[in-house]
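Novice: I have a structure here, written as structure tokens, and I will follow up with some questions on it.
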Amino acid sequence: MNDKPAENEKVENEHVLNKDHKIQILLVDADQPFPELALYMLDALPRPGDIINIAINGKLVGYTVAFVNFNPFNERSQITIGCSYTAHTTAATIGPIELKERMDQAVKSQIQIYEKAQAYSNAMMLAGYAGIFALWTFAKGALTTRTTNAVIVLVGVSLLLYVSWEIYGMIHRATAGAKFLALLDKAPNEFFQILEQQDVENRRLAGRYILAWRIIIVPTILTAYLGALMLIYNAVANIFGFTQWP
């Protein structure tokens with residue numbers, strides 16, 4: 001008995017199943033903090049350098065595949081593709097509405113990057129303060145009273161400036177959150193109108209916030225460094241018999 005027709009039919013059916021099989025792929029922006037762009041079911045896996053069109057706000061936008069990551073333990077999507085925006089058109093050839101949408105996306109991306117950088121800076125600052133006070137605890141027995149007080153004053157001023165700034169930032173964020181929650185009771189048209197006005201105001205305040213941080217960060221870091229250097233110098237001076245300062 002000839003089994004070749006059945007065997008051929010099996011191969012053909014497998015070909016149809018493979019043809020219908022799709023791959024779930026998560027598309028993210030290739031730049032940090034890697035915001036999500038889309039979640040698609042594709043017939044094939046794009047490679048780095050390929051051009052891929054992504055629907056952004058109902059419009060197809062061209063992106064270039066920058067990297068492909070595989071994570072078999074990600075339940076949502078085992079394949080993540082990083083995409084870089086490809087400028088197929090210039091500002092002179094696109095409408096003002098599309099330009100505004102792209103600008104808003106760029107602003108949101110930069111805000112996310114700034115927030116992540118600020119969180120990392122806060123963690124490093126707290127670790128630095130903890131390290132200085134730990135060193136001071138171990139070395140205070142070998143330091144003179146004047147040296148001990150000088151280190152406490154310098155590091156204390158730095159910590160006070162830093163904590164005061166964080167309290168101000170907490171109040172600023174809480175105020176912005178309260179303003180947004182107040183919009184939830186508004187009608188849709190009024191909601192978006194006021195929200196747009198708040199966005200303009202928030203961007204203006206964010207500029208002042210960053211400028212003020214640049215000013216406050218100088219004495220904060222300077223006094224902490226002076227206190228740490230004084231602590232280290234006097235510990236070394238105690239070991240080798242030098243005169244402690246001050």
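Novice: Can you give the direction-averaged projected area of the convex hull of the alpha-carbon atoms in segment 178-217, in nm²? Let's see the in-between values first.
Specialist: On the way: hull surface 12.1 nm².
Mean projected area of the Cα convex hull: 3.0 nm².
Novice: Which value results when the Cα radius of gyration for segment 110-207 is divided by 2.2 N^0.38 Å?
Specialist: On the way: Rg = 20.8 Å, N = 98, 2.2 N^0.38 = 12.6 Å.
Rg over 2.2 N^0.38 Å, computed on Cα atoms: 1.66.
Novice: Roughly to the nearest percent, how much of the accessible area of segment 154-246 is carbon and sulfur, given a 1.4 Å probe? The partial results should precede the final answer.
Specialist: Working: 4550 of 6400 Å².
For segment 154-246, the apolar C and S fraction of the accessible surface comes to 71 percent.
Novice: Another one. Under the Kirkwood approximation applied to all pairs of distinct alpha-carbon atoms, what is the hydrodynamic radius of segment 169-246 in Å?
Specialist: 16.6 Å
Novice: Please report, to one decimal in angstroms, the Kirkwood hydrodynamic radius of segment 150-208 built from all distinct Cα-Cα pairs.
Specialist: Values: mean 1/r = 0.0726 Å⁻¹.
One over the average 1/r among Cα pairs gives 13.8 Å for segment 150-208.
Novice: Dividing the convex hull volume of the alpha carbon atoms of segment 41-81 by its residue count, what do you get in Å³ per residue? List each step's numbers first, then the result.
Specialist: On the way: hull volume 3.5 nm³, N = 41.
Roughly 87 Å³ of hull volume per residue.
Novice: Tell me, what ³J(HN,Hα) does each residue in segment 141-153 have, in order and in whole Hz, if you take phi through Karplus 6.51 cos²θ - 1.76 cosθ + 1.60 with θ = phi - 60° and put x for Gly and Pro?
Specialist: x, 9, 9, 6, 4, 5, 5, 4, 5, 5, 5, 4, 5
Novice: Taking H placed 1.01 Å from N in the peptide plane, check which residues at least 5 places from Ile79 or on another chain put their amide H under 5 Å from its amide H.
Specialist: The answer is Leu26, Asn71.
Novice: Still on this structure, I have one more. Stretched out fully, how many nm does the piece from Glu36 to Ile51 gain, at 0.36 nm a residue minus the Cα gap?
Specialist: On the way: separation 15, 0.36 × 15 = 5.40 nm, distance 1.73 nm.
Separation in residues times 0.36 nm, less the Cα-Cα distance, equals 3.7 nm.
Novice: Another question about this same structure. With a 10 Å radius around each residue's Cβ, average the other Cβ atoms per peptide and rank 70-77, 137-144, 188-195, highest first. Display every interim value, and only then the final one.
Specialist: On the way: 70-77: 9.4, 137-144: 13.4, 188-195: 11.5.
So the order, starting with the most tightly packed, is 137-144, 188-195, 70-77.
Novice: Let me ask something additional. Give me, ordered by chain and number, the residues 5 or more places off Val61 or on other chains with an amide H under 5 Å from its own placed amide H.
Specialist: Ile54, Ala55, Ile56
The values are calculated or read from the model by the stated rules, or taken from the named source; none is laboratory data. Just so it is clear, the structure is predicted and the values come from calculations on it, not from any experiment. Don't worry about glycine lacking a Cβ; one is built from the backbone with ideal geometry, like all the others, and counts go over all protein chains shown. These area figures cover heavy atoms from the full protein model, side chains too; ligands, DNA and RNA do not enter into them. Shrake-Rupley method; radii C 1.70, N 1.55, O 1.52, S 1.80 Å.
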